[in-house]
Amino acid sequence: MELAGLLRDIRGCDACAEHLPRGPRPVLSAHRDARILIIGQAPGRRVHQSGVPWDDPSGNRLREWLGVDKKRFYGRHIALVPMGFCYPGTGTSGDLPPRKECAELWHEKVLDRLPNVQLTLLLSRYAQAYYLGDRMKGSLTKTVESWREYVPYLLPLPHPSPRNNLWLEKNPWLEREVIPYLRRRVRRLLR
């Protein structure tokens with residue numbers, strides 16, 4: 001099956017509909033020409049409403065980190081594939097974790113159809129745990145601090161959510177060391 005057909009199937013998925021407070025609305029974006037793959041958590045309320053990945057303040061910060069505008073971000077060279085494709089609902093301290101069904105059902109199939117990916121960003125401990133497995137360090141901070149161990153193909157990052165402002169303030173090395181590397185790498189890949 002071609003990627004376009006797979007994306008249609010994913011957008012019609014209702015495997016975990018009974019667990020979703022606002023019903024299923026899978027949100028992702030991918031093109032066979034993608035060179036960069038961004039794996040985040042799951043859409044928030046705003047993205048669930050718009051149907052556009054990263055159409056929120058987290059997306060604004062992510063585009064700033066990458067050094068790209070919306071046109072490049074939503075173009076064919078960046079794939080946006082969250083761990084959970086639908087909004088999972090809200091818990092006591094923010095959105096609930098992404099549903100596990102999505103990655104188990106769809107990730108391998110999507111990644112198999114993205115042959116040109118040269119950099120995968122793992123945004124959040126959910127993506128890091130799934131894709132790094134035993135290579136993940138004891139915490140998100142330790143994993144991101146060890147970013148040099150994973151490049152050039154993988155880059156673990158914190159989620160760019162405004163909820164992480166305190167983490168970013170406590171870890172200024174991210175903006176000083178990791179983000180400049182990321183921007184250089186993205187610039188080369190998007191030439």
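The values are calculated or read from the model by the stated rules, or taken from the named source; none is laboratory data. Keep in mind that what you see is a predicted model, and the values were worked out from it rather than measured. Heads up, the Cβs are rebuilt from the backbone with ideal geometry, glycines too, and the neighbour counts pull from every protein chain shown.
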Q) Before we move on, is Cys102 among the hydrophobic types (A, V, I, L, M, F, W, C) and in contact with a Phe, Trp or Tyr (Cβ under 6 Å, 6 or more places away or on another chain)? A) yes
Q: Filter segment 31-47 down to residues that are in contact (Cβ under 8 Å) with a residue 24 or more places away in the chain and outside any loop (DSSP other than H, G, I, E, B) and give me whichever is surrounded by the fewest Cβ atoms within 10 Å (Cβ to Cβ).
A: Arg45
Q: Could you look through segment 51-101, keep only residues that are small (Gly, Ala, Ser) and loosely packed, with under 14 Cβ neighbours inside 10 Å, and pick out the one that is farthest from Asn164 (Cα to Cα)?
A: Gly51
Q: Answer yes or no as to whether Arg163 is in a helix (DSSP H, G or I) and at pLDDT below 95.
A: yes
**Q.** Condition check for Arg72: farther than 11 Å from Gln41 by Cα and touching a strand residue (DSSP E or B) at 6+ places or on another chain (Cβ under 9 Å)
**A.** yes
Q) If you take the residues of segment 102-135 that are assigned to a loop (DSSP other than H, G, I, E, B) and not charged (D, E, K, R), which of them is surrounded by the fewest Cβ atoms within 10 Å (Cβ to Cβ)? A) Pro115
Q) For the subset of segment 136-167 comprising residues that are among the aliphatic types (A, V, I, L, M) and surrounded by fewer than 15 Cβ atoms within 10 Å (Cβ to Cβ), which member is nearest to the chain's Cα centre (by Cα)? A) Val151
Q) Would segment 32-43 turn up any residue that is more than 16 Å from the chain's Cα centre (by Cα) and either modelled with pLDDT of 95 or more or hydrophobic (A, V, I, L, M, F, W, C) (or both)? A) yes
Q: Kindly indicate which of Gly44, Gly40, Gly94 is closer than 21 Å to Leu168 by Cβ and in contact with a Phe, Trp or Tyr (Cβ under 7 Å, 6 or more places away or on another chain).
A: Gly44
(Q) Quick check on my filter: what residues within segment 53-68 are outside any helix (DSSP H, G or I) and farther than 16 Å from Gly84 by Cβ? (A) Asp55, Gly67, Val68
